[in-house]
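A.B. asks: After the structure tokens below, expect a handful of questions from me.
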């Protein structure tokens, strides 16, 4: 049916249509499901984030969509639950997902819920009932898995999305071949020369068969591919949605907060912005509003990362809901690759070792930001500033030193490509 990743969960009696289905105590679970845009709901008794799923129940000969299925993220616990998974769906296994009376509960039972996710962002689901042959087989395999986790992932013949060895195999081949001419793939997948100086990432994507896109999802077999030539690594480049920047746009923002060069002809917005420390170049200070790393469970669902001026006015901001979607979907598994460039002819070599980070969540990211390990290091430019011919090139980048990557991942390993 097109599933590229299949994983299952051993259900407990609390996993039912009344109490929802528990999907873990970390927002990392977002990396398993291809969800829609996350929205904050602060007015509820238990403030939360919600993300819609394109969710289908599978039966022997039928596939039917459950309308209104969503992931609900509760920062106060934290935990993620699946909700609305029976709505308008006749083929859904409703009788196996009813709440049991308290006197009949015994904790874990024998049900296994199987998920399959596809490249067109569907989530397929099948429930293997207690005492069924399939549930027994899955439970047996689950009990033998070396790492006890909430999900048991099945290895498919086409390869799991997070197949670490497949990624390493491809990178070893690229490393062994030395320097590669600068290139990229066009929208049709054809390899074409690339002459600009920022081609290291494009060239590696080209070698891996990746066509550049702006989708918030991993690059290759479920892994995000990150290249860097120095110890400072760009993590992500989301544009602000709030404050002066959100209201007036990038060009007016740079003209208002940037500094002049070339006798005022051009303007730049640059400088290292660390949480709580005013930036000398811009006069703005980076703040994290609605999160305290000492009390991560108190996260405000309406929180944001902000740039404030000396009067406390919001120059720019990134809502948590915006960044949460981007970070968890794209960076749960990431490989960081140092490269060496050659100018004539323009070419790149991808060096060994590489760093591979596994399992992250947005609270780790915010904690690293609050500690100063992650900085905001923009590189935006307006040419012909304040004239009808003005043009903007915006780049809002959050960066980290390679030595601090361990703050972001449950597991960070150094892998030799030689």
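A.B. asks: Which of (1) within 19 Å of the chain's Cα centre (by Cα); (2) in contact (Cβ under 8 Å) with a residue 60 or more places away in the chain does residue 70 not meet, given it meets every other one?
C.D. replies: (2)
A.B. asks: Listed residues 385, 368; which is assigned to a helix (DSSP H, G or I), touching a strand residue (DSSP E or B) at 6+ places or on another chain (Cβ under 9 Å) and surrounded by 16 or more Cβ atoms within 10 Å (Cβ to Cβ)?
C.D. replies: Only one candidate qualifies: 368.
A.B. asks: Moving on. Hey, can you tell me all the residues within region 218-241 that are surrounded by fewer than 21 Cβ atoms within 10 Å (Cβ to Cβ) and free of Cβ contacts under 8 Å to residues at least 40 places away in the same chain?
C.D. replies: 230
A.B. asks: Of everything in region 242-268, what is free of Cβ contacts under 8 Å to residues at least 12 places away in the same chain and surrounded by 16 or more Cβ atoms within 10 Å (Cβ to Cβ)? Give them in sequence order.
C.D. replies: Hit for region 242-268 is 252, nothing else.
A.B. asks: Residues of region 56-69 being surrounded by 19 or more Cβ atoms within 10 Å (Cβ to Cβ) and closer than 30 Å to residue 290 by Cβ, which ones?
C.D. replies: Result: 69, single match.
For (1) crowded, with 18+ Cβ neighbours inside 10 Å; (2) at pLDDT 95 or above; (3) over 27 Å from residue 154 (Cα atoms); (4) not assigned by TED's automatic domain parsing to the domain that holds residue 323, each residue gets a yes or a no:
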residue	(1), (2), (3), (4)
23	yes, no, no, yes
34	yes, no, no, yes
39	no, no, yes, yes
44	no, no, yes, yes
54	yes, yes, no, yes
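A.B. asks: Considering only region 147-160, I want to know if a residue exists there that is touching a strand residue (DSSP E or B) at 6+ places or on another chain (Cβ under 9 Å), at pLDDT below 90, buried (at least 18 other Cβ atoms within 10 Å of the Cβ) and part of a loop (DSSP other than H, G, I, E, B).
C.D. replies: Within region 147-160, one or more residues are touching a strand residue (DSSP E or B) at 6+ places or on another chain (Cβ under 9 Å), at pLDDT below 90, buried (at least 18 other Cβ atoms within 10 Å of the Cβ) and part of a loop (DSSP other than H, G, I, E, B).
A.B. asks: Hey, another quick one. If residue 338 meets every condition in (1) at pLDDT 95 or above; (2) surrounded by fewer than 21 Cβ atoms within 10 Å (Cβ to Cβ); (3) touching a strand residue (DSSP E or B) at 6+ places or on another chain (Cβ under 9 Å); (4) under 28 Å from residue 294 (Cβ atoms) apart from one, which number is that one?
C.D. replies: Evaluating residue 338 over (1) at pLDDT 95 or above; (2) surrounded by fewer than 21 Cβ atoms within 10 Å (Cβ to Cβ); (3) touching a strand residue (DSSP E or B) at 6+ places or on another chain (Cβ under 9 Å); (4) under 28 Å from residue 294 (Cβ atoms) leaves (4) as the failure.
A.B. asks: In addition: Restricting to region 388-418, give me the number of residues that are in contact with a helix residue (DSSP H, G or I) (Cβ under 7 Å, 6 or more places away or on another chain), in a loop (DSSP other than H, G, I, E, B) and more than 17 Å from residue 284 (Cβ to Cβ).
C.D. replies: Residues flagged as in contact with a helix residue (DSSP H, G or I) (Cβ under 7 Å, 6 or more places away or on another chain), in a loop (DSSP other than H, G, I, E, B) and more than 17 Å from residue 284 (Cβ to Cβ) within region 388-418 amount to 3.
A.B. asks: Within the group 290, 312, which residue is in contact with a helix residue (DSSP H, G or I) (Cβ under 8 Å, 6 or more places away or on another chain) and without any contact (Cβ under 8 Å) to a residue 60 or more places away in the chain?
C.D. replies: Numbers: 312 fails: in contact with a helix residue (DSSP H, G or I) (Cβ under 8 Å, 6 or more places away or on another chain).
The match here is 290.
The values are calculated or read from the model by the stated rules, or taken from the named source; none is laboratory data. For clarity, every value in this text was computed on a predicted model and none was experimentally measured. Note that each Cβ is placed from the backbone with ideal geometry, even for glycine, and that neighbours are counted across all protein chains shown.
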